[in-house]
1. For residue 231, work out the one condition from (1) under 30 Å from residue 309 (Cβ atoms); (2) at pLDDT below 95 it doesn't fulfil.
2. Residues 83, 96, 103: which one is closer than 26 Å to residue 190 by Cα, at pLDDT below 85 and either surrounded by 12 or more Cβ atoms within 10 Å (Cβ to Cβ) or not assigned by TED's automatic domain parsing to the domain that holds residue 190 (or both)?
3. Name the single residue that is nearest to residue 233 (Cα to Cα) among those in the range 184-219 being crowded, with 19+ Cβ neighbours inside 10 Å and without any contact (Cβ under 8 Å) to a residue 24 or more places away in the chain.
4. Are any of the residues in the range 74-86 over 24 Å from residue 166 (Cβ atoms), touching a strand residue (DSSP E or B) at 6+ places or on another chain (Cβ under 7 Å), part of a helix (DSSP H, G or I) and in contact (Cβ under 8 Å) with a residue 40 or more places away in the chain?
5. Step by step: first the residues of the range 28-43, then only those that are part of a helix (DSSP H, G or I) and surrounded by fewer than 14 Cβ atoms within 10 Å (Cβ to Cβ), then the one that is farthest from the chain's Cα centre (by Cα). Which residue is that?
6. Across the range 2-27, which residue is nearest to residue 67 (Cα to Cα) among those that are modelled with pLDDT under 85 and within 28 Å of the chain's Cα centre (by Cα)?
7. Of all residues in the range 1-27, how many are surrounded by 16 or more Cβ atoms within 10 Å (Cβ to Cβ) and assigned to a loop (DSSP other than H, G, I, E, B)?
8. Could you please tell me which pairs satisfy a Cβ distance under 8 Å, a separation of 6+ or placement on different chains, a first residue in the range 132-160 that is assigned by TED's automatic domain parsing to the domain that holds residue 101, and a second residue that is in a loop (DSSP other than H, G, I, E, B) and at pLDDT 95 or above?
């Protein structure tokens, strides 16, 4: 306990300098507590009983002590601005009997643990046992008539979409600062999926077509960011041309699904609503794009990896249990 208290004291003493650095990098306040914890280990810890700093960052001690301390420091300094955006939801789509339905995918799972008066935040990269499928829909699933085979297919598709969505966002939110401009680009990848989903839900042929362009652009951005690792830039909308450039540098990345995406000439026509697609085809393109982008972003260098990790924080005043 004495060691933990001393470490917390050291962390607090270093926080002003760490926070100034993150402020210069324009890191949002609500995300700084995680960055700060990693920066503290990288800059201030010279040696420890762990084999490496990487092992330390993967330990329960890191999450339960170091991150908890940086979070509490930010909450004390910035108040509501430092609150992790645990209520953020990502959007998803699924077809049921040819009808497109929206899925609401929480970015985190929050739970108040009364026995130790702490607030637990988990960053899942797939559907969790503690979650209920019906909570992800805006309607009552039980009112839809489905046989066992149809139900099984929909559940499998649901799990796939939730997992791909959560993984893409975890991959892009923690990308290393290898090139600041491309880090900003990575944050925008998911916005194209959200735009596409909203367009598909409109059921307007022209807006659905523009949504397909957004999916194309999400794939294009992820490929260009990955190419930047090899100091390669290319001004093109041709995904196959970008694929060839990637394969020249890294043939381990599976990009076969690109062949099932509309070619860039068709995508450009969709951008201007000069070509339309059926909603069933649009949703298929959406799932293909999700799969491709997840494969690519998984290769991004990441400053930290928090997939399925939990952190325990002192119960905030704003949390209503």
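The values are calculated or read from the model by the stated rules, or taken from the named source; none is laboratory data. What you see is a predicted model; the values in this text were computed from it and never measured. Positions of Cβ are generated from backbone atoms using ideal geometry, with glycine treated the same way; all protein chains shown enter the neighbour counts.
1. (1)
2. On the way: 96 fails: at pLDDT below 85; 103 fails: at pLDDT below 85.
That would be 83, the only listed residue that is closer than 26 Å to residue 190 by Cα, at pLDDT below 85 and either surrounded by 12 or more Cβ atoms within 10 Å (Cβ to Cβ) or not assigned by TED's automatic domain parsing to the domain that holds residue 190 (or both).
3. 214
4. No; the residues of the range 74-86 include none that is over 24 Å from residue 166 (Cβ atoms), touching a strand residue (DSSP E or B) at 6+ places or on another chain (Cβ under 7 Å), part of a helix (DSSP H, G or I) and in contact (Cβ under 8 Å) with a residue 40 or more places away in the chain.
5. Within the range 28-43, the first condition is being part of a helix (DSSP H, G or I), and the residues that meet it are 29-43.
When the remaining residues are screened for being surrounded by fewer than 14 Cβ atoms within 10 Å (Cβ to Cβ), the result is 42-43.
Values: 42: 24, 43: 26 Å.
Out of the qualifying residues, it is 43.
6. Applying the filter and picking the extreme gives 27.
7. Applying the first criterion (surrounded by 16 or more Cβ atoms within 10 Å (Cβ to Cβ)) to the range 1-27 yields 7-8, 11, 14-15, 18-19, 22, 27.
Checking the rest, the ones that are also assigned to a loop (DSSP other than H, G, I, E, B) come to 27.
Here the count works out to 1.
8. Within 8 Å, the pairs are 133/127; 158/127; 159/126; 159/127.
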